[in-house]
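K.L.:
Before anything else, here's the structure in question.
The values are calculated or read from the model by the stated rules, or taken from the named source; none is laboratory data. Since this is a predicted model, take the numbers as computed values, not measurements. Note: ideal-geometry Cβ built from the backbone for every residue, glycine included; neighbour counts use all protein chains shown. Surface areas here come from the heavy atoms of the whole protein model, side chains and all, with no ligands, DNA or RNA. Shrake-Rupley method; radii C 1.70, N 1.55, O 1.52, S 1.80 Å.
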Amino acid sequence: MRFLGSIEAKTDAKGRVFLPATFRKVLQTSGTESLVMNKDSFQDCLVLYPQSVWDEQVDLLRSKLNRYNAEHQNTYRQFVMYAESVTLDGNGRFLIPKSFLQKAGIAQEVKFVGMGDTIEIWSPEKLEASRMDSKEFGQALESIMSATF
């Protein structure tokens, strides 16, 4: 499952938005209909996880944590406590709750960004502010790709 590209959209007065057709097609091809939405751990954006990807991430995180360690429990709790199941209606729309819109600084305009196995939902202004300039991006990519493992 690979979500690619960026697509602009708008929320309606109730906070509903159409999941872009290209992303719906990827979901249909993979046989996935269930999605989970959460606030990103690092950026001011939202993340849509196909249910299978969400389950893998939660299982991986849980496997690295000790239930009897308070910091581990707090970390796990913070990761999962605001996650919400997302259901697409017959037209391919879903509701972004007001609390999520506020956390991501989204007014009406949104930008969907395909991130491989997840989809990010951004305020266009916050997405632009998070971008690296060309030189910084090139240096980061060079550093990552030239690292030996």
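K.L.:
Filter the stretch 1-15 down to the residues that are in a loop (DSSP other than H, G, I, E, B), surrounded by 14 or more Cβ atoms within 10 Å (Cβ to Cβ) and touching a strand residue (DSSP E or B) at 6+ places or on another chain (Cβ under 6 Å) and list them by number.
P.N.:
Here is the first cut: in the stretch 1-15, the ones in a loop (DSSP other than H, G, I, E, B) are 1-2, 4-5, 11-15.
From what is left, the residues that are surrounded by 14 or more Cβ atoms within 10 Å (Cβ to Cβ) are 1, 11, 15.
Matches in the stretch 1-15: Thr11, Gly15.
K.L.:
Shifting gears a bit: Looking only at the stretch 59-94, which residues are surrounded by 13 or more Cβ atoms within 10 Å (Cβ to Cβ), over 30 Å from Gly15 (Cα atoms) and either touching a residue at least 40 places away in the same chain (Cβ under 8 Å) or among the hydrophobic types (A, V, I, L, M, F, W, C) (or both)?
P.N.:
Leu61, Leu65
K.L.:
Confirm whether Lys98 is under 27 Å from Ser130 (Cβ atoms), in contact with a strand residue (DSSP E or B) (Cβ under 8 Å, 6 or more places away or on another chain) and among the charged types (D, E, K, R). Talk me through it step by step, then tell me what you get.
P.N.:
On the way: under 27 Å from Ser130 (Cβ atoms): yes; in contact with a strand residue (DSSP E or B) (Cβ under 8 Å, 6 or more places away or on another chain): no; among the charged types (D, E, K, R): yes.
It is false that Lys98 is under 27 Å from Ser130 (Cβ atoms), in contact with a strand residue (DSSP E or B) (Cβ under 8 Å, 6 or more places away or on another chain) and among the charged types (D, E, K, R).
K.L.:
Scanning the stretch 90-144 for residues that are of a type in the set (Lys, Arg) and touching a helix residue (DSSP H, G or I) at 6+ places or on another chain (Cβ under 9 Å), which turns out modelled with the lowest pLDDT?
P.N.:
Arg131
K.L.:
Here's something else I'd like to know. Can you give me the number of residues within the stretch 90-100 that are farther than 11 Å from Lys39 by Cβ and not in a loop (DSSP other than H, G, I, E, B)?
P.N.:
4
K.L.:
Separate question: Only residues that are over 13 Å from Ala9 (Cβ atoms), in a helix (DSSP H, G or I) and open to solvent by less than 60 Å² (accessible area, probe 1.4 Å): list them for the stretch 102-126, please.
P.N.:
Ala104
K.L.:
I would also like to ask the following. Based on this model, can you work out whether Phe18 counts as open to solvent by 40 Å² or more (accessible area, probe 1.4 Å) and in contact (Cβ under 8 Å) with a residue 40 or more places away in the chain?
P.N.:
For Phe18, the condition - open to solvent by 40 Å² or more (accessible area, probe 1.4 Å) and in contact (Cβ under 8 Å) with a residue 40 or more places away in the chain - is met.
Matching residues to (1) closer than 15 Å to Phe3 by Cα; (2) outside any loop (DSSP other than H, G, I, E, B); (3) at pLDDT below 95:
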site	(1), (2), (3)
Gln28	yes, yes, yes
Asn38	no, yes, no
Tyr49	yes, yes, no
Arg67	no, no, yes
Glu71	no, yes, no
Gln78	no, yes, yes
Leu88	no, no, yes
